[in-house]
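For reference, the structure discussed in these notes is given below.
The values are calculated or read from the model by the stated rules, or taken from the named source; none is laboratory data. Every value quoted in this text rests on a predicted model; they were computed, and no experiment measured them. Note: ideal-geometry Cβ built from the backbone for every residue, glycine included; neighbour counts use all protein chains shown.
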Amino acid sequence: MHKAFLRAANLKRWLSKAANRSEGIKRCKALFDKIYGAKSCDRHHEELALADEDYVKKEEDKATPDDLKALVASPHVALHARFRSGGIVYARASTHKGNSLVLFYPDGNIDSPPIPGCIQHIFSVGGKTSFAIQRYRKSASNNLDPFARWPEFRAQTWSTTQGSHSLEIVQISWIHAHFAQLSIGQDKVVVLDLREM
């Protein structure tokens, strides 16, 4: 079942990439859309063309939350429930847990592997929007990877406990992708990169 899901997701992603479509593949995509009721690619791109700023409902400047004070010099910040960039919606954990789970490059270093974290705040200072993210810790069980037998299923175990990591500022360009998680213990989760699906 898992392999069928991955194959279907990969086919769907491949068909959606306009740059890779020949005339024959365009016809196949149109046929798939008719059969399975997917919305057309053109309509999808029209929806993404909406200005990202129109999606963000800015709250008034408020006093900087206590957990952000150590990271932000400003006594007031504009807080947001959601933010959309490049057609992708991000949300703080209190608004939508799924849209708050992101893989990001620590300190913006794209040479390091992305790590999972949960967006706690989306805020703007001086017109620049940033995320305050709670980083996950590597699980002790990462040394004994239970998913090594399935290379096409790129999952890892992580710990959601805070450990030594408090909130950290993450820029939007440092985000790699959203991830899905499954709890397997009190503070342990299985993390799956949704970009790989």
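Could you check, for the stretch 141-160, whether at least one of its residues is in a loop (DSSP other than H, G, I, E, B), closer than 30 Å to residue 61 by Cβ and touching a residue at least 24 places away in the same chain (Cβ under 8 Å)? Give the derivation first.
As a first pass, look at the stretch 141-160 and keep what is in a loop (DSSP other than H, G, I, E, B): 144-154, 160.
Checking which are closer than 30 Å to residue 61 by Cβ leaves us with none.
The answer is no, given that none of the residues of the stretch 141-160 is in a loop (DSSP other than H, G, I, E, B), closer than 30 Å to residue 61 by Cβ and touching a residue at least 24 places away in the same chain (Cβ under 8 Å).
Here's the yes/no breakdown for (1) of a type in the set (Gly, Ala, Ser); (2) within 28 Å of residue 117 (Cα to Cα); (3) surrounded by 10 or more Cβ atoms within 10 Å (Cβ to Cβ); (4) at pLDDT 70 or above:
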{"position": "4", "(1), (2), (3), (4)": "yes, no, no, yes"}
{"position": "33", "(1), (2), (3), (4)": "no, no, yes, no"}
{"position": "38", "(1), (2), (3), (4)": "yes, no, yes, no"}
{"position": "60", "(1), (2), (3), (4)": "no, yes, no, no"}
{"position": "64", "(1), (2), (3), (4)": "no, yes, yes, yes"}
{"position": "67", "(1), (2), (3), (4)": "no, yes, yes, yes"}
{"position": "73", "(1), (2), (3), (4)": "yes, yes, no, yes"}
{"position": "76", "(1), (2), (3), (4)": "no, yes, yes, yes"}
{"position": "91", "(1), (2), (3), (4)": "yes, yes, yes, yes"}
